[in-house]
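Enquirer: This is the structure, below, for whatever I ask next.
The values are calculated or read from the model by the stated rules, or taken from the named source; none is laboratory data. Keep in mind that what you see is a predicted model, and the values were worked out from it rather than measured. Glycine also receives a Cβ, built like all others from the backbone with ideal geometry; neighbour counts cover every protein chain displayed. Accessible surface is based on the protein model in full, side chains and every heavy atom, while ligands, DNA and RNA are left aside. Shrake-Rupley method; radii C 1.70, N 1.55, O 1.52, S 1.80 Å.
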Amino acid sequence: ILGALGIMVGDAGTGNFRPEDNIIRSEMTKVAVYTIGLEDIVVSSGVVTIFPDVSPNHWASGAINIGHQQGIIIGDAVGTFRPDDNVLLQEAITIIVRALGYDPKAEALGGYPGGYVTVASSLQLLKGINGAIGAPAKRGEIAQLVFNALTVDMMEQTEFGTNSSYETVDK
């Protein structure tokens, strides 16, 4: 299903999926952006990013730009993205929870990582995932996480300002 939707496909060289391989931060960002249907604007967004370690010709620069603009990804403490580093399972969970719009709920429950893991668990996003928090995420785990996310309603902000409110929408 994820391959048919263009969310997760095999590698460029062989087409192999490699479910036991670690997934890197740039790949995870691309997966999240495509999961919420923003793949069409990725192509036109491959310009210089705010991250000094992501060149404009990096294969995922467009997805990284869109991911950052949408609040799905953030940089590290020194302002870099480290696109070729492994993504930890709790980071991947956080990215998907943010992509679905549940960031305010996760922050209200303690933020990173516990609040995001709690929200993911309550949304059944972790069903079928046996990875360990603190360990690099495997491609197969991410496929299961994203597959689970496909049936979760997104959360959207409906009121802004001091009385901000959010509601789930059927998307």
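Enquirer: Using the alpha-carbon centroid of each, what span in Å lies between the range 115-171 and the range 41-110?
Expert: 15 Å
Enquirer: Any idea of residue 133's accessible area? Nearest 10 Å², probe 1.4 Å.
Expert: 90 Å²
Enquirer: On a straight-distance basis, which aspartates and glutamates could pair with residue 30 in a cross-link, Cα separation under 15 angstrom, same-chain partners fewer than 8 positions away excluded?
Expert: 11, 39, 40, 84, 85, 91
Enquirer: For the range 105-171, rounded, prolate or oblate, judged on the Cα gyration tensor with a ≥ b ≥ c (square roots of eigenvalues), a/c < 1.5 rounded, else prolate if a/b > b/c?
Expert: Here the range 105-171 falls in the oblate category.
Enquirer: Quick check for you: with a 1.4 Å probe and neighbouring chains kept, what is the accessible area per residue of the range 1-56, in Å²?
Expert: 53 Å²
Enquirer: For the range 1-96, with only Lys/Arg (+1) and Asp/Glu (-1) charged at the beta-carbon, what is the dipole magnitude about the Cα centre, in debye rounded to 20?
Expert: Magnitude of the dipole: close to 140 debye.
Enquirer: Next question, about the same structure. In terms of modelled amide H atoms, which long-range or inter-chain residues lie less than 5 Å from the amide H of residue 88?
Expert: Hits under the 5 Å cutoff: 137.
Enquirer: Once every Cα of the range 1-86 carries one equal point scatterer and solvent is ignored, give the base-10 log of I(q)/I(0) from the Debye formula at q = 0.11 Å⁻¹, two decimals.
Expert: Debye curve over Cα of the range 1-86, log10 I(q)/I(0) at q = 0.11 Å⁻¹: -0.29.
Enquirer: Would you kindly derive the ³J(HN,Hα) couplings of the range 152-159 from the backbone phi angles with the Karplus curve 6.51 cos²θ - 1.76 cosθ + 1.60 (θ = phi - 60°), listing them in order in whole Hz, with x for Gly and Pro?
Expert: 8, 5, 7, 10, 10, 6, 10, 9
Enquirer: Per-residue HN-Hα couplings for the range 90-106, Karplus 6.51 cos²θ - 1.76 cosθ + 1.60 at θ = phi - 60°, whole Hz, x for Gly and Pro?
Expert: Running phi through 6.51 cos²θ - 1.76 cosθ + 1.60 with θ = phi - 60° gives 5, 5, 5, 4, 4, 4, 5, 4, 5, 4, 7, x, 8, 4, x, 5, 5 Hz.
Enquirer: Another one. With all protein chains present and a 1.4 Å probe, how do 58, 68 order by accessible area, largest first?
Expert: 68, 58
Enquirer: Only residues of the range 53-76 count here: report those whose backbone N is under 13 Å from the spot 7 Å along Cα→Cβ of residue 157, or say none.
Expert: 70-72
Enquirer: Using the heavy atoms of the protein chains and a 1.4 angstrom probe, tell me the accessible area per residue for the range 77-171 in square angstrom.
Expert: Value for the range 77-171: 50 Å² per residue.
Enquirer: Keeping the other protein chains in place, figure out the carbon and sulfur percent of the accessible area of the chain, with a 1.4 Å probe.
Expert: Carbon and sulfur atoms account for 53 percent of the accessible area of the chain.
Enquirer: If you build a Gaussian network model of the chain, linking Cα atoms that sit under 10 Å apart, which residue out of 99, 108, 143 swings the most?
Expert: Sorting by GNM fluctuation, first place goes to 108.
Enquirer: Under 5 Å between amide hydrogens, which residues at least 5 positions from residue 166 or on another chain qualify, with H placed 1.01 Å from N in the peptide plane?
Expert: Answer set, sorted by chain and number: 158.
Enquirer: Using alpha-carbon pairs under 8 Å, 6+ residues apart, how would you state the relative contact order of the range 62-171 in percent?
Expert: 22 percent
Enquirer: Leaving ligands, DNA and RNA out of it, rank 61, 164 by accessible area with a 1.4 Å probe, largest first.
Expert: Ranking 61, 164 by accessible area, largest first, yields 164, 61.
Enquirer: Between 67, 161, 15, which gets the highest mean-square fluctuation from a Gaussian network model of the chain, Cα cutoff 10 Å?
Expert: 161
Enquirer: Who wins for biggest fluctuation among 107, 159, 91 in a Gaussian network model of the chain, springs between alpha carbons below 10 Å?
Expert: 159
Enquirer: Just how large is the dipole of the chain about the Cα centre, in debye to the nearest 20, putting +1 at every Lys and Arg Cβ and -1 at every Asp and Glu Cβ?
Expert: Using only the charged Cβ atoms, the result is roughly 240 debye.
Enquirer: Just the Cα atoms of the range 58-171: what Rg and Dmax do they give in Å?
Expert: In order Rg, Dmax, the Cα atoms of the range 58-171 give 14.3, 41 Å.
Enquirer: Provide the per-residue ³J(HN,Hα) series for the range 116-133, in order, calculated from phi with Karplus coefficients 6.51, -1.76, 1.60 and θ = phi - 60°, each as a whole number of Hz, with x at glycine and proline positions.
Expert: Couplings: 6, 5, 4, 5, 4, 5, 5, 8, 6, 6, 8, 4, x, 9, 10, x, 9, 4 Hz.
Enquirer: Which of the listed residues, 126, 102, 69, is farthest toward the dipole's positive end in the chain, when Lys, Arg count +1 and Asp, Glu count -1 at the beta-carbon?
Expert: 126
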